[in-house]
Structure formats: C-alpha cells, structure tokens
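Reviewing the structure listed below.
None of the figures in this text is laboratory data; all of them are computed from the coordinates on show. Since we're looking at a predicted model, the values are computed, not measured. When we count neighbours, we look across all protein chains shown, and the Cβ atoms used for this are built from the backbone with ideal geometry, even at glycine.
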C-alpha cells in the first residue's frame, strides 16, 4: 500500500500536496525535486520516461501526468501497477478541483494545501472493495 503520496508541479518540482502514512526522512519538497529531476534526466538523456525508482526495500512509483506529476512510495513487496492506478485516480481528482489554478500557477502553494491525497486514497480503496465484492456476487 502507498506509504506516501506527493503531488508535484510539473515545471518546478515544488510539492503542491502530500500525504505521508509513514513519515519520510526528507521533506516533501526535497523528495519532489528529486523525483522531477529523475524524470527530466530520463527524458533528456534517454528520450523516455521512468515509471519507478527501485531501492533496496522501497519503490517510488511515478506518474507523469499532463499537468502534474505524482509520486508514491511503496514497499518493494507491493504491486507498482496497483499503486500507479491509484496515482492516476488521485491525479484526476486533483485536476477536477484545481485544473484552473494549475494553469495559472505562479508559485503560491497555499491554494493546494487543502487537498488531502490520503482522504482520496481511502475513498478509492473503499470503492474498489465494493466493486470487487459486487463482482464476486
């Protein structure tokens, strides 16, 4: 399951919103800048994108959306594809609320601080459980 979720401004790497179930050693802003730098490096150097960064016991799952980037940290034993689906759903929810603010973004992150990725994640998990239960009937 996702231990941390970061919503990043695609052009600056600034963390617009975050949710940490497991407290991370580094701040969301430092992690966000690193995640965006890794994406940009792969685009520039290899003309491709990356979907994950694998560490010894963690995986950072990246979703390079059209207007924002989402990053999620999971255990290495978790499924990166499932995490990616949740990140895509969180992106849709974020843009449904803040798309105009993203288009006019000039560095003021306070407008995004009310977005709670954890609440959205909880709702999505609950929704998936209901769907799976109904499908099993």
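Quick look at the values:
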read-out	value
The chain, relative contact order in percent, only Cα pairs under 8 angstrom and at least six apart counted	25
Model label zone, residue 119; criterion: amide N under 13 Å from point 7 Å along Cα-to-beta-carbon; scope region 54-96	94
Amide N proximity, region 81-100 versus residue 54 label position 7 Å along Cα-to-Cβ, cut-off under 19 Å	81-85
Extension gain (nm, one decimal) between residue 108 and residue 44, 0.36 nm per residue minus Cα-Cα	20.3 nm
Cα Rg, Dmax (largest Cα-Cα span) when computed across the chain, Å	15.0, 50
Of 44, 116, 64, the one that fluctuates the most in a GNM where the chain has Cα springs shorter than 10 Å	44
Inter-part distance where region 3-22 and region 41-69 are each reduced to a Cα centre, Å	14
Residue 37 paired with residue 66, simple spin-label distance in nm, labels 7 Å along Cα-to-beta-carbon	3.0
